[in-house]
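Have a look at the structure below, then the notes.
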Amino acid sequence: MPSPPPSGNVVLLGVRHHSPACGRLVADTIAALRPAYVLVEGPADMNGRLPELLLGHRLPVAVFSHYRDEERVATSWAPLCDYSPEWIALRDGHAAGAEVRFIDLPAWHPAFTGRADPRANRYADAEARYAQATRRLCARFAVDSVDALWDGLFEVAGRDGLAERLDAYFDLVRGDAEADPGDRAREEYMASWIRAARDRAGGRPVLVVTGGFHQPALRALSAGEGPGGGPAGWPEVPEVPEGALAGSFLVPYSFRQLDAFSGYQSGMPSPGYYQLLWQDGPQAAAEGLLRAVAERLRARRIPVSTADLIAARSLTEGLALLRGHPSASRVDVLDGLAGALIGDDLDSPLPWTTRGSLTAGTHPVVVEMVAACSGDAGGELHPDTPLPPLVHDVAACLARLDLADDPVTLDLTSADGLTRSRVLHRLRVLGIPGFTRVSGPAGGADPVFRERWEPGPAHGREAALIEAGAYGARLDEAASVVLGERMRAAGTDVEPLARLLFDTVLCGVGPLCAQVLDALEQQVARVPELGPLGEVLAAALGLWRHDRIFGAARDTLLGGVVAGAVARVFWLAEGAHGGCGVDRGQLRALEAARDALLHAPELLPLTRQSAVEAAGRIGRDLRAPAALRGAAFGLRWALGSPDDPAAAVQALTPSAPDTLGDWLAGLFALARDEVARGAAAGEKSLVDVVDEVVSAMPEDAFLIGLPALRQAFAFFPPRERERIAERLLERRGARGSARSLLRTTADPLLLARARALEENVARLLDRHGLGTVR
């Protein structure tokens, strides 16, 4: 514990975020110094709202900050739990009569925007910049990770000389490392607050609590005079730029969110363990962790015997002694448990030897050990905590529309049902937990007029709503902003734009529909592939033709999307060369173009005749995939300009039997109805021609072409396949059930191969004079 400083001195405590040892040091220092000012690393724009933090929340909670302008979107969280040094500085400093201030730049400031993750944690100090020093320390103390190093040096090592050890540690790991421009700006700003507090303190102590990485720089920067200090006043807090939207609110947090194993970027892993360490000390925390792991494993029916626990305790105590720890640390306990409970060879290192989230395939015992370390505590805000307007707007909407946490079935043809549906879809696109849509229309052409919603897990709903308040004060406004962000993120990728189009219609957010449709119309002219383009065309055409429920039918902007997409489909199809097999995406694109030509010709820049001519060119282009050529033939047929089926099929030489199947797949995709009608009419049809060609194939060629032929006829539904089977029986003068013909006792491919094998064996026997009567 430091002694009171000389008059006018500043005490800088470098801490590790969410460290119980640092939390105790802060509490002891405040009790000893009784400082005039306690300055804490945190957003200075929250200084006028510090009373909100001290209302009596159940921790953990976090300060959620957001920023939005035309060029940049940023969000961040500053979590606080019972043992966070920053929280203890706020709480104990206030209780001791000190004037408490946050001294860091606001979380929206450009100094924070250099991080790779725009949804960052503001306490994510750049340990990577001094990773070399910590690696040397880990090697020196024979530990696997910085977390294990920290525990051994500070959390279980006792309180004597803690401040001096921390100073030495942070001086060493910072070394000569140069801060990046963002951290340099933050440190200069924090130093200006320190100088101002020193000059205003009247000889009383000033305590500064910041991340340890910043402490060496702040010691140098705050030593002299400089701008921002002096008795004239505190440093100015940067103002939000004109035209930008920014704000901060408290949100409930949880240990799972705080845990490094869940992806948290700063501070300590295993918050549940460190809560025990804070409350009861190292020995009780180790025992509590052993007990929590055993309870979780037994609750999940993973065998854990008393002998296993005795072995784990013995291993833990032995490891602590071997590693020179006065009490068992977190890693000692986990290593002891792993040694006693896991007899299998592990494919990857134990997760507490590294940093990061658990990966798929992690051993189930390890998963439960990590979960026990994490704990399941969740925060709760005091009822008097100010909340963003969106929270109140959503509560009012749900109450007005009687949308409680009960299953609900909505009739979309009624005004009330449509209104309630739009509210629930807006909550869905905002990611608010609580309701799950289990049925309803999947697209504009889907003839489904009822939706079913069921209540889902509502954990985290309040926090999600507070965070969604960054998008707007009203539910419709917030949903519009989120959909607009998705539109910008989609760029030239039309598939997410097509999904976004239907989500926009479901939300009924009005003006945003026009923005999405404008973007789609511009994008379809640049789409390089037929498949994704077909998805957009099908979605837009379906809404244009059928959407009288959501109000998008015959929409002019939708018509522009349809027109541009059809023109682009033919342009891409005429240039498609190479490839083999059946590309369903290409076929769906031509299907959507066919439907547009049949049902919305008034929208299109090309006539039916020009489409027929383009299909003819595609069908004659031998460089085009066979399936695409067959689809072009089917398109001409569907548009009323059929070619001679016999000539078309016979033009596909029997020397390429798989080509026939691909060509037929394309044909059936575009003209299935026309083929089925011909098979049922009695006159010679395409099915008859195909039967003649297939019957004339040599056995080997038939086996080669059979998979593609089966794939082609799979385009027909069961009833139509049965009619085709009846036609084939009729051609052969055979009697029997066409339905039973389609229901073979084994895979037809397997039967065909078995027959070919029998024929080969018979020929071999004949060659050697061993033939039998057949």
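Scanning segment 589-600 for residues that are under 14 Å from GLY560 (Cα atoms) and at pLDDT below 90 yields a single hit, ALA600. When you check ARG422 against the structure, is it among the charged types (D, E, K, R) and in contact with a Ser or Thr (Cβ under 8 Å, 6 or more places away or on another chain), yes or no? Spelling it out, it is not the case that ARG422 is among the charged types (D, E, K, R) and in contact with a Ser or Thr (Cβ under 8 Å, 6 or more places away or on another chain). When segment 347-377 is filtered for residues that are part of a helix (DSSP H, G or I) and of a type outside the set (Val, Ile, Thr), the ones remaining, listed by number, are PRO351, TRP352, PRO364, GLU368, MET369, ALA371, ALA372, CYS373, SER374. In segment 568-583, the residues that are open to solvent by 50 Å² or more (accessible area, probe 1.4 Å) reach residues that are of a type in the set (Val, Ile, Thr) with C-beta atoms within less than 9 angstrom, at least six apart or across chains, in these pairs: GLU574/ILE618; CYS580/THR659. Residues of segment 13-66 that are within 26 Å of LEU162 (Cβ to Cβ), among the small types (Gly, Ala, Ser) and open to solvent by less than 20 Å² (accessible area, probe 1.4 Å): GLY14, SER19, ALA21, GLY23, ALA36, GLY42. In segment 188-223, of all residues being in contact with a Pro (Cβ under 9 Å, 6 or more places away or on another chain) and of a type in the set (Phe, Trp, Tyr), the one that is most open to solvent (accessible area, probe 1.4 Å) corresponds to TYR189. In segment 293-315, is there at least one residue being open to solvent by 10 Å² or more (accessible area, probe 1.4 Å), outside any helix (DSSP H, G or I) and within 30 Å of LEU59 (Cα to Cα)? The answer is yes; a qualifying residue exists. Whenever a residue of segment 429-440 is open to solvent by 50 Å² or more (accessible area, probe 1.4 Å), its partners that are assigned to a loop (DSSP other than H, G, I, E, B) and among the small types (Gly, Ala, Ser), lying with C-beta atoms within less than 6 angstrom and at least six residues away or across chains, give the pairs THR436/GLY456.
Screening LEU497 against (1) open to solvent by 20 Å² or more (accessible area, probe 1.4 Å); (2) among the aliphatic types (A, V, I, L, M); (3) under 18 Å from the mean Cα position of the chain (by Cα) leaves a single unmet condition, (1). The residues listed here are LEU418, LEU398; of these, the one that is buried (at least 16 other Cβ atoms within 10 Å of the Cβ) and touching a residue at least 40 places away in the same chain (Cβ under 8 Å) is LEU418. Of the residues making up segment 503-527, just one is free of Cβ contacts under 8 Å to residues at least 24 places away in the same chain and within 25 Å of the chain's Cα centre (by Cα), namely THR504.
With the condition kept exactly as written, say whether any residue in segment 512-535 is among the β-branched types (Val, Ile, Thr) and open to solvent by 70 Å² or more (accessible area, probe 1.4 Å). The answer is no, given that none of the residues of segment 512-535 is among the β-branched types (Val, Ile, Thr) and open to solvent by 70 Å² or more (accessible area, probe 1.4 Å). Against the conditions (1) open to solvent by less than 70 Å² (accessible area, probe 1.4 Å); (2) modelled with pLDDT of 80 or more; (3) not charged (D, E, K, R), LEU358 satisfies every one except (2). Within segment 283-305, residues that are under 15 Å from VAL331 (Cα atoms) reach partners that are of a type outside the set (Lys, Arg) and surrounded by fewer than 20 Cβ atoms within 10 Å (Cβ to Cβ) with beta carbons closer than 8 Å, at six or more positions or on different chains, in the pairs GLN283/SER327; ALA286/SER327; GLY288/ASP280; LEU290/LEU309.
The values are calculated or read from the model by the stated rules, or taken from the named source; none is laboratory data. Owing to the predicted nature of the structure, the values given are computational and were not obtained by experimental measurement. Using ideal geometry, Cβ is built from the backbone for each residue, glycine included, and neighbour counts are taken over all protein chains shown. Only protein heavy atoms, including side chains, enter the accessible area calculation; ligands, DNA and RNA are left aside. Shrake-Rupley method; radii C 1.70, N 1.55, O 1.52, S 1.80 Å.
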